[in-house]
Amino acid sequence: MEDYISVDKASKTHRKNAALGRDVDPSSLKTILVVEDNMINRTLLSKMLSGQYTVLEAGNGQDALEMLHEHGDEISAVLLDLVMPVMDGYAVLEVMQTNERYRNLPVVVTTGSSHHDSERRALSLGAWDFVTKPYDAEIILFRLKNVIERSQLTAFKQLKYLSEYDALTGLYNKTKFFDATRKLLDANCHESFVFLRFDVDRFQLINSFFGTAEGDKLLVYIARELAVDAKQYSKASYGRIESDIVALCVPYHPVQLEEMVRQSKKTLALFNVNYDIVPSIGIYVIDDPAISIEEMYNRATLAAKTCKGNYVDFYAYYNESMSIALNKEQEITNEMNFALEHGQFEIYLQPKYNIHTNLPCGAEALVRWMHPQKGMLSPGEFIPVFERNGFITKLDYYVWEQACKCLHNWVAQGIRPYPISVNVSRVNIYNPNLVEMLMELLGRYQLEPGLLNLELTESAYTDNPAAMKKTMAQLQSHGFIILMDDFGSGYSSLSLLKDIMIDILKIDMRFLSASEFAGRGENIIASVIRMAKWLNIPVVAEGAETVEQVDFLRSVGCDYVQGYYYARPMQISDYEQLCINFSLDMQMRIDQKYDSYCYDDLFSQNEEMKSLFPNHLQAAVICEYYADKIELVRVNEAYYALVGHGDVMTKSANILDMLDEAYQATLLRAFHLCVQTLEPGECEYMRRRTNGTPLWIGAKLRYISTVGNKHILIVELTDITMRKAIDTELQKYKEYMEFHLEGAGNHEDE
Ligand code: C2E
Ligand code: MG
Ligand code: MG
């Protein structure tokens, strides 16, 4: 009976709301889930609510959970009967309480008359409110409205918390921390403050070696220590910026600050003594409180970057020059697109030389920025910026295309050019279209892949071995030759050689020879070259500037050199002069004059000394002749047989030093004549073996080429000691006979 009164009231409410509902968009209504096994009651409740709410209905607890599962995110509140078959309301409450998704969903329970026990139990299980039967529509609507508002407030508070605090560490997040810091500085404008930015070196490694759980633990540890640091000050603000970066702003007391910074390194190390955790700390002493907190953070970041990866100097103070560098970077970024579109980037070619012939055998394309105001900029000034802002992929492509154009032009002129190698930036290792782009270029310019060699830097392998391996394999399968640039500069050289089939190694004299221990750098270079020889990988040594360095490289078996000693990077036209004409000219001369020699074999990098002059038992040497000096560049096995194996002369020593003055002159004369006339020449001279006995040599000289002031000659050597001895004997005999014949004649005449 009472139910009917309620129905009446409800329908009134319904009508009222229906009238109001003219301008209520039904899709904007909140949704209420009504859980009630009694169909009449359920219909009644639905009627009361419809108009203000969209109503979903469930006949028991289980159905209710299914609906929650399906529509949980749309439901604003649940009206839940407690006593039901299959699954009662208490069980529903229990499930909702343990499920994160529904914990904040308000539940109003419906109980028969006033059953305090059941109300108490329902409230203890997380029910928000209750209504008793018979239902009063207005009361139900009020109670629902209240709980929904309350839950929204809770959600709002949660959102607010989430928008201000970092969920993992409980520290202020970046926005809130910046806000708090601004307020702190504004409220204490007569005090001086310092801003610190703190992160962990190679934090990613901790995540990948020990798992993200361990990484998270470390972050919580750091947050706790940061709070401890902050408590040492009467005022402070601190927060987590992102990932492993936290920041702190406190009053500036230099001594206390240094102490805190040093202590923080020790504290961090204590987190786990089994691995070395080192912070990088950037410090900005706030000299201009008017700048934005973002800018203060940027300044501390700039400072931190200068000490990244540095175990000893793990903290650094910001200074203005760092900002200047940043501004410069910004300027480069602003100008780069325009520069590319307007042809301000130009490629230079630096020849690579065969160290045995001193002849060019290829080149590396190196980019230059011809800046209309600043003049020529070297890659060191802009490539790192382009690598950071991603522009490098565009520039790389531009350089590749220029190199292809160059090669195409030469081929079109009937020249067989040496290959050009281009740099492939580390960013491109991840470019899924890399192979396609390069193949497209080769196709467009009708080039063999062997002509466009690719230089990939070792550090890219260190960054991501798997990606590098994959990219290289793809490129090689299309016929590209890969040079490993800056080999030996990273930490993974050995594993790289083990894992990747490299075609050519490039080592850089500049950082391999830079050692405070005399000779150590050279030992490393020699070992790398030897190792490469074992693996049959040719080596190009980069950065050789002096004759001593080149001699050294030659002496340890290096085959190719790219360095200022031979040539600096030059404009394409200069390279053409040097190389293309030269090589044609050279080739013709060799073909005409020395076709008995297989010139390529003679100097081929794959041929060791022993296999030099494969068809000749004849001892032979390659010499450089300049400034009245004759230096051995390369000798063959037969040479050793000639002079004796114990009598190996240091290569590149002046061979004239071993000769008596008279023979020095003989040899020099012969060399001089050969170079003057370009015709083969001959001479005989004597040198002594190590045991002091004389060794007479017949030398046949052939001119090969001139590089700079050096003339290159091949000299075939024959042991003529025996002939000389016979000659001497014959001479003696002749003299004797002449003497006696003369005597006899005189006698006869007498
Ligand atoms: P890299 O690829 O190792 O190039 C060799 C660098 O060593 C060049 O510097 C070259 O001029 C220099 N060099 C060669 N011989 C000597 C020497 O005897 N003494 C000295 N002091 N230096 C020598 P550059 O042209 O300044 O290029 C520097 C780096 O910039 C290159 O190192 C390369 O990593 C990068 N780079 C240059 N051009 C490009 C490019 O087109 N794309 C990409 N991604 N990187 C490039
Ligand atoms: Mg390179
Ligand atoms: Mg290099």
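Points to keep in mind about this one:
- Evaluation of residue 170 against (1) open to solvent by 20 Å² or more (accessible area, probe 1.4 Å); (2) over 12 Å from residue 243 (Cα atoms); (3) part of a helix (DSSP H, G or I) (one fails), failing number: (3)
- Scanning the stretch 425-437 for residues that are aliphatic (A, V, I, L, M), within 16 Å of ligand 2 (Cβ to nearest atom) and open to solvent by less than 20 Å² (accessible area, probe 1.4 Å) gives a single hit, 429.
- Yes/no for residue 135 being out of contact with any Asp or Glu (no Cβ under 6 Å at 6 or more places or on another chain) and closer than 13 Å to residue 35 by Cβ: no
- Subset tally (residues that are in a helix (DSSP H, G or I) and at pLDDT 90 or above) for the stretch 306-320: 1
- Residue 381 passes every criterion in (1) closer than 27 Å to residue 503 by Cβ; (2) open to solvent by 10 Å² or more (accessible area, probe 1.4 Å); (3) more than 16 Å from ligand 3 (Cβ to nearest atom); (4) part of a helix (DSSP H, G or I) apart from (1).
- Count of the stretch 446-491 residues which are open to solvent by 40 Å² or more (accessible area, probe 1.4 Å) and assigned to a loop (DSSP other than H, G, I, E, B): 7
- Residue satisfying all of: in the stretch 550-567; of a type outside the set (Val, Ile, Thr) and more than 20 Å from residue 706 (Cα to Cα); farthest from ligand 2 (Cβ to nearest atom) among these: 555
- Residue 217 being open to solvent by 80 Å² or more (accessible area, probe 1.4 Å) and either of a type in the set (D, E, K, R) or more than 30 Å from residue 297 (Cα to Cα) (or both): yes
- Picking from residues in the stretch 419-444 that are polar (S, T, N, Q) and within 9 Å of ligand 1 (Cβ to nearest atom), the one that is farthest from the chain's Cα centre (by Cα) is 421.
- Qualifying residue in the stretch 479-495 (condition: at pLDDT 85 or above and more than 16 Å from ligand 2 (Cβ to nearest atom)): yes
- Residues that are crowded, with 18+ Cβ neighbours inside 10 Å and in a helix (DSSP H, G or I) within the stretch 268-288 comprise just one, 268.
- Of all residues in the stretch 183-200, those satisfying the criterion of being surrounded by 17 or more Cβ atoms within 10 Å (Cβ to Cβ) and either among the polar types (S, T, N, Q) or more than 36 Å from the chain's Cα centre (by Cα) (or both) are 184, 185, 193.
- Checked against the criteria, residue 291 counts as open to solvent by 10 Å² or more (accessible area, probe 1.4 Å), within 21 Å of residue 181 (Cα to Cα) and over 31 Å from the mean Cα position of the chain (by Cα).
- Restricting the stretch 394-424 to residues that are open to solvent by 10 Å² or more (accessible area, probe 1.4 Å) and among the polar types (S, T, N, Q) leaves a set whose member that is farthest from ligand 2 (Cβ to nearest atom) is 413.
Residues are listed down the side, and each one gets a yes or a no for (1) modelled with pLDDT of 50 or more; (2) in contact with a Pro (Cβ under 6 Å, 6 or more places away or on another chain); (3) open to solvent by 70 Å² or more (accessible area, probe 1.4 Å); (4) under 23 Å from residue 708 (Cα atoms):
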{"position": "598", "(1), (2), (3), (4)": "no, no, no, no"}
{"position": "603", "(1), (2), (3), (4)": "no, no, no, yes"}
{"position": "619", "(1), (2), (3), (4)": "yes, no, no, no"}
{"position": "639", "(1), (2), (3), (4)": "yes, no, no, no"}
{"position": "642", "(1), (2), (3), (4)": "yes, no, no, no"}
{"position": "664", "(1), (2), (3), (4)": "yes, no, no, no"}
{"position": "669", "(1), (2), (3), (4)": "yes, no, yes, yes"}
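- Positions within the stretch 92-134 being in a helix (DSSP H, G or I), open to solvent by less than 30 Å² (accessible area, probe 1.4 Å) and at pLDDT 90 or above, in sequence order: 92, 93
- Flag if residue 154 is among the hydroxyl-bearing types (Ser, Thr, Tyr), closer than 22 Å to residue 244 by Cβ and surrounded by fewer than 16 Cβ atoms within 10 Å (Cβ to Cβ): no
- Contact map, the stretch 246-274: residues that are within 26 Å of residue 176 (Cα to Cα) paired with residues that are part of a strand (DSSP E or B) and of a type in the set (Lys, Arg), Cβ distance under 9 Å, separation 6+ or inter-chain. Pairs shown: 246/197; 246/240; 247/197; 247/240; 248/197.
- Taking the conditions (1) surrounded by fewer than 20 Cβ atoms within 10 Å (Cβ to Cβ); (2) assigned to a helix (DSSP H, G or I); (3) away from ligand 2 (no atom under 14 Å from the Cβ) in turn, residue 370 satisfies each one other than (2).
- Every residue from the stretch 552-581 that is of a type in the set (Ser, Thr, Tyr) and open to solvent by 10 Å² or more (accessible area, probe 1.4 Å): 555, 560, 564, 565, 566, 573
- For the stretch 384-393, the tally of residues that are more than 16 Å from ligand 2 (Cβ to nearest atom) and either open to solvent by 50 Å² or more (accessible area, probe 1.4 Å) or at pLDDT 95 or above (or both) stands at 2.
- Selection from the stretch 515-552 of residues that are in a helix (DSSP H, G or I), under 20 Å from residue 455 (Cβ atoms) and touching a Phe, Trp or Tyr at 6+ places or on another chain (Cβ under 9 Å): 525, 528, 532
The values are calculated or read from the model by the stated rules, or taken from the named source; none is laboratory data. These numbers come from a predicted model, not from an experiment. All Cβ positions, glycine included, derive from the backbone under ideal geometry; neighbour counts span all protein chains shown. Surface accessibility is based on the protein's heavy atoms, side chains included, excluding ligands, DNA and RNA. Shrake-Rupley method; radii C 1.70, N 1.55, O 1.52, S 1.80 Å.
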